[in-house]
1. Show me 341-354, 416-429, 196-209 ranked by packing, highest mean number of other Cβ atoms within 10 Å first.
2. Note down the nm distance, to one decimal, between modelled labels 7 Å out along Cα→Cβ at E75 and at L325.
3. What spacing in nm lies between the two simple spin-label points modelled at L564 and S148, each 7 Å away from Cα in the Cβ direction?
4. Can you give the local net charge around P411? Use residues other than it whose beta-carbon is closer than 14 angstrom to its beta-carbon, Lys and Arg +1, Asp and Glu -1.
5. What number comes out for accessible area per residue over region 145-212 if the probe is 1.4 Å? Units Å², please.
6. At a Förster distance of 35 Å, what's the computed FRET efficiency of V278 paired with M531, Cβ-Cβ distance as r, to 0.05?
7. A233 to E64: extension gain in nm, 0.36 nm per residue of separation minus the Cα-Cα distance?
8. Can you figure out the FRET efficiency of E557 with H380, using R₀ = 41 Å and their beta-carbon distance, to the nearest 0.05?
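The values are calculated or read from the model by the stated rules, or taken from the named source; none is laboratory data. Since we're looking at a predicted model, the values are computed, not measured. Ideal geometry is used to build each Cβ from the backbone, glycine not excepted, and the neighbour counts take in all protein chains shown. Side chains are part of the model used for accessible areas, which takes the heavy atoms of the whole protein and leaves out ligands, DNA and RNA. Shrake-Rupley method; radii C 1.70, N 1.55, O 1.52, S 1.80 Å.
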Amino acid sequence: MEASSAALPYRSSTRTASSSFTPSAPLASRPYTYSSPGSALNQSEDPVVIEIGTRYLRAGFANESAPRCSIPYTEDLWRRVGDRAVDAGQRRGSMLPQKPGAIVEERVVKKKSTRRSRGELWQFDLRMIDTGLVEDVVERAVREAYNSYLLVDSKSRKVVLPVPPLLPTYLVTAITNTIFKHFQPTTIIYFSAPTLCTVSAGLRSALIVDIGWHETVISPIYELRAISGLVGACGRSKRAGKLLRKKTGQALESLLAEKGIEGTKIREDFLEDLIARVLWCENHTMHKKEREEQKRLLALKSEGKSFSPPSSKPVFSTAGSATMLIPIATTDSLKPLSINIPLSILSTPIETAFFGATSYSQSSYFDEDEPDEDDLSIPHLIYQSLLACPIDVRATCLSRIVIVGGPSNIPGLKKRIIDEFRELVEERGGWSNIKPSKKFDSRRKQPSPVPEPAILPPSPLPPTPRIHTTSSTDDEDGADEKPLPASRPQSPSELDDPMENLELFTNRDRSRKYLELEEKENLKPKYPPGMIRGVNSLGTWAGASILAGARVKGILEVDREKFLSNVSSGGTGFPSNTLF
């Protein structure tokens, strides 16, 4: 009995004690936990939605409201095997430890590539792209998303890939080839990014204004389909996030030069943080006053009168003379410079990047970040894009303008674009390529003369009817006719239904009656056609999550085996008539 009561060696394990065992990870939920085992056979796993942008990668699962991760293309993703790790401290790129107090020699550090320093995955100039480097960065970013955030097997789930507008097929093939080779999903489903923005806004037709990193592209969408030949045809510009960051750096460097700090360059990561935190857009009313003041000064200059030259700072601003103490990080020193910056200065990069005139001239050097000499502002691009659309598409998209992209989240920018566009339509007097002259505009604004009601000639009276009576005494003489008293014609006010006699009403009265009938029957829509209105959207990734969760077919579905066999034979892997 004593031997049987002795504790066996394997009984002393802590895993057998129910009170002391705690699972290190939550148990995976099974599909048949709350349902019958037979129903699990018909269930399918949600696909993975991966949005590969120019500077960020977002990944998550379908039927979710937001991505699980947003991975920037940092220096760690760009570094290859054998590259020397560069320290940002006192060692100046040397991997050897430095003794305290030792004098470090100044070395000429090789300048990084532009794309690597800016964190850009690609450029639209394919001559400057290293395809192997792009594939390596995509593979590392997607692997980090799977291993650190998604935590699923990449072979068991389909991949949904939103495609930006006007992205070269060469880059789409490189990205697809990387995902198929390294992660081996069964299928990749492609969706158009403007269509996904329309779905996430709760619409079927819209005008998508995508303010991206390299350029701004305007795409008209009608019934969840892009209008063929109009995506970016009349609305494509370099007024985008890259130009905004450049103008922000120039504004701060000029402010430092005014304070006596010249020759300093501001760090790019600091500019990104500054744009996301404190940059703002001035409203349309203040900007209109500013333009009127500039016109007045130009008129005084043309007349030869004395006037004070216009200042670089805005005269009319909502912020007034308020300032903010901001530490500015420069490339010359490790310690940031704390400077009081007027809030009105923080709105000038938006004006010059998206609304102002272009600064490029033939005498200056060529800069790829600057827009062309004849480049239009974003409100003008919206006007030109709608002008090129068919009239039914224009009437539908006019009240459904959706502005998306990273810079669109700057406070006040969306409202400013809509207000500028509304004023432009009023100035043009409608939809025409030719701007009306001042004489025509003054004539158009004059009230049209009201036509006098037409005086109709009196209509002849009908013949007087007679009553035939038969005499009892003399039947052969026939009937005795007695004329009725003539009645006067009734006035329109005495008629039971005034609309029966339409000749007595003018066109103005007819339209008034029609409007009264519409108001009475409540037939007027909430937003009549021709009303300019902006609509908010949840973005590209949310639209892809909605359509992937609803099992909607994309514009293209590519199988892994067919794609790899086509690429190995020298093809692109896609059908020849594919339009992303």
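1. Values: 341-354: 21.0, 416-429: 16.7, 196-209: 23.7.
Taking the mean over residues of other Cβ atoms within 10 Å, the ranking is 196-209, 341-354, 416-429.
2. Calculated label separation equals 3.0 nm.
3. Label at L564, label at S148, 2.8 nm between them.
4. For residues surrounding P411, the net value is +3.
5. Working: 2210 Å² over 68 residues.
Accessible surface, normalised per residue, equals 32 Å².
6. Numbers: r = 34 Å, r/R0 = 0.96.
So, using R0 = 35 Å, E works out to roughly 0.55.
7. Taking A233 through E64 to full extension adds about 57.5 nm, to one decimal.
8. Values: r = 38 Å, r/R0 = 0.94.
Efficiency, rounded to the nearest 0.05: 0.60.
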